[in-house]
Amino acid sequence: MLITLARTLFLYTLVMITMRLMGKRQIAQLEPFELVIAIMIAELGVIPMQDRDIPLINGVIAIATLLFVQVTFSVLSLKSIWFRSVLDGRYTVVIANGMIQETEMRKARYNLDELLEQLRLNSVFDLEDVEFAILETSGDLSVLLKSQARPVTPEDLQLKTEYEGLPLVLILDGKVMKTELEKAQLSEGWLRTELEKRGVKGPPDVLIASLSTTGKLFVQPKERQRLRKA
Amino acid sequence: MKLWITMFVVMVIIVVGGLYLENSILKTTNQISHTLNTIKDAVRNDQWSQALQSLDGLTERWSKLKETWSPFIHNHDLQTFTLHLARLKAYMETAERGSALAEITNLELQLIEIQQQEILSLKNVL
């Protein structure tokens, strides 16, 4: 029993590390070959986990080999366009200049129902509004709307907008993010003063606090602090 | 690229380690096979004390080998060999020639099985 427990913990850790080393993409964003490797790695972890007769090293070697193959393919994909197109395939333009490309759709074995579904998922309900639609190698559909159907942007209205960068999270679940504070060139003392101004005792009572690029501090106290106040 | 280099080194270690293991298994199983032949000859000539002495040496060597090989070879194969060794000893202690010779054949076959399973061949790959 304990051996199975130990083997499971070991293989789980190994599979997690392998998946982490494979990269940050989510399952939905995986290319076909990456998906195959991810499934195989998970399966290879399970087999020696269940069967104690199989030496653990067999699973480890198989997982390491798949990781090596995946990393090698990724490196080759980065360096060669040809290899990338062989491995991932090429995108397909399914709507060009507002016209559905029947031949291309047939080649990609992509039917009209799938096209309409993916357009709806892109918040496009009228085919008339689409100028271009591209079926990506991951299976996602990228849509370029006709200029008349696109949402109005400040640029269209010739409005001037201010720069907006990424807000800095200064407190997360009661813990002060010192590196973020340093980035903003602010001190912990300043943060405490700001919290006191908002009636919060200190960082441990804060769920999240973030600082926007305009210098506006957003603070949400933890539920217990809010209940105490009420 | 750092990850690729690390993984490449890991793969080289696996390949070298695999070749070393394969070579070591072949060499050791051949030596065991030779010992089994000696035991077989002794059993055929009813030299039971000499046969038992050789078998004890082989059993001792096997118990050490089993520990070394268990992380790499299917445990079932190793256990089967251990079981046949124990049965051979029991037959030899009661001087049952026919059964002892049959067990030696079983051991030889099991040895060939272990050898063939670990060799990098097209048959094993497919």
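Coordinate-derived values only; no laboratory data. Since this is a predicted model, take the numbers as computed values, not measurements. Neighbour counts are summed over all protein chains in view; Cβ atoms, including those assigned to glycine, are modelled from backbone coordinates with ideal geometry.
Put +1 on the Cβ of each Lys and Arg and -1 on the Cβ of each Asp and Glu in chain A; which of A:Leu35, A:Ala96, A:Val46 then has its Cα farthest toward the positive end of the dipole?
So the residue furthest toward the plus end is A:Val46.
Roughly how compact is the range A:127-212, stated as its Cα Rg over 2.2 N^0.38 Å to two decimals?
Taking N as the residue count of the range A:127-212, the ratio is 1.81.
Given C-alpha coordinates of the protein assembly as shown, what is the ratio Rg to Rh with the Kirkwood estimate of Rh?
1.21
Over chain B, one equal point on each Cα, no solvent: what is log10 I(q)/I(0) by the Debye formula at q = 0.09 Å⁻¹?
Evaluating at q = 0.09 Å⁻¹ gives log10 I(q)/I(0) of -0.33.
With everything on Cα atoms, drop me the angle between helix B:75-93 and the longest principal axis of chain B, reported from 0 to 90° to the nearest 10.
So the helix axis and the longest Cα principal axis differ by about 10 degrees.
In the range A:92-145, with Lys and Arg counted as +1 and Asp and Glu as -1 at Cβ, which of these residues, A:Met105, A:Val130, A:Leu116, has the Cα nearest the positive end of the dipole, that is, farthest along it?
Comparing the listed Cα positions along the dipole, A:Met105 ranks first.
Among the aspartates and glutamates, which fall within straight-line cross-link reach of A:Lys175, defined as a Cα-Cα distance under 18 Å, with same-chain neighbours fewer than 8 residues apart omitted?
Excluding near neighbours in sequence, the set is A:Glu188, A:Glu194, A:Glu196, A:Asp205, A:Glu223.
Other chains' Cβ within 10 Å of A:129-138 residues: what's the mean?
0
How high is the relative contact order of chain A, in percent, with contacts defined as C-alpha pairs under 8 Å that are six or more residues apart?
Values: 230 pairs, mean separation 27.4, N = 230.
Worked out over chain A, it gives 12 percent.
What chymotrypsin sites (Phe, Trp or Tyr not before Pro) does the range A:147-230 have in DSSP loop regions with at most 10 other beta carbons within 10 Å?
Values: sites: A:Tyr163, A:Trp190, A:Phe218; in loops: A:Tyr163.
Sites meeting the loop and neighbour criteria: A:Tyr163.
What number do you get for the range B:48-118 when its Cα radius of gyration is normalised by 2.2 N^0.38 Å, N = residues?
Ratio of Rg to 2.2 N^0.38 Å for the range B:48-118: 1.11.
Take the cross-link list A:Lys160/A:Lys183; A:Lys178/A:Lys201; A:Lys201/A:Lys222; A:Lys178/A:Lys216; B:Lys64/B:Lys89 and give me the ones stretching past 21 Å between alpha-carbons.
A:Lys160/A:Lys183
Identify all lysines with a Cα-Cα distance to A:Lys79 below 28 Å; exclude those on the same chain that are fewer than 8 residues away in sequence.
A:Lys24, A:Lys107, B:Lys2
Can you give me the Cα centroid spacing of the range B:17-68 and the range A:46-76 in angstrom?
When both Cα centres are located, 33 Å separates them.
Given just the C-alpha atoms of the range A:168-229, how large is their convex hull per residue in cubic angstrom? All intermediate terms of the calculation are to be shown ahead of the outcome.
Numbers: hull volume 4.1 nm³, N = 62.
Dividing the Cα hull volume of the range A:168-229 by its residues yields 66 Å³.
Using a simple charge model, +1 on the beta-carbon of Lys and Arg, -1 on the beta-carbon of Asp and Glu, nothing else, what dipole does the range B:47-126 show about its Cα centre, in debye to the nearest 20?
Details: 7 positive and 10 negative charges, 9 e Å.
Once rounded to the nearest 20, the dipole reads 40 debye.
If you take each beta carbon of peptide B:2-12 and count the beta carbons of other chains within 10 angstrom, what is the mean?
For this peptide, the per-residue mean of nearby foreign Cβ atoms is 4.
For helix B:48-69, report the angle its Cα long axis makes with the longest principal axis of the Cα atoms of chain B; keep it between 0 and 90° and round to the nearest 10°.
The helix B:48-69 is inclined about 20 degrees to chain B.
Can you find, among B:Leu120, A:Leu195, A:Thr18, the residue sitting farthest towards the positive end of the charge dipole of the protein assembly as shown, where Lys and Arg contribute +1 and Asp and Glu -1 at Cβ?
Positive-most Cα among the choices belongs to A:Leu195.
Add -39500 (n - 2.57) for each DSSP H run of 4 or more in the protein assembly as shown, then divide by its residues: what number comes out at 222 nm, to the nearest 500 deg cm²/dmol?
Computed ellipticity for the protein assembly as shown at 222 nm equals -20500 deg cm²/dmol.
Treating the beta-carbon of each Lys and Arg as +1 and of each Asp and Glu as -1, no other charges, what is the dipole magnitude of the protein assembly as shown about its Cα centre, to the nearest 20 debye?
1260 debye
Are there DSSP H segments in chain A that both extend 18 Å or more along their axis (alpha-carbon positions) and score a mean Kyte-Doolittle hydropathy of at least -1.0? List them, or say none.
Taking the DSSP H segments of chain A (at least 18 Å long, mean hydropathy at least -1.0), we get A:2-22, A:32-50, A:56-79.
What's the Cα-based Rg to Rh of the range A:2-85, Rh via Kirkwood? Show your work: numbers first, answer last.
Values: Rg = 14.3 Å, Rh = 13.6 Å.
Result: Rg/Rh = 1.05.
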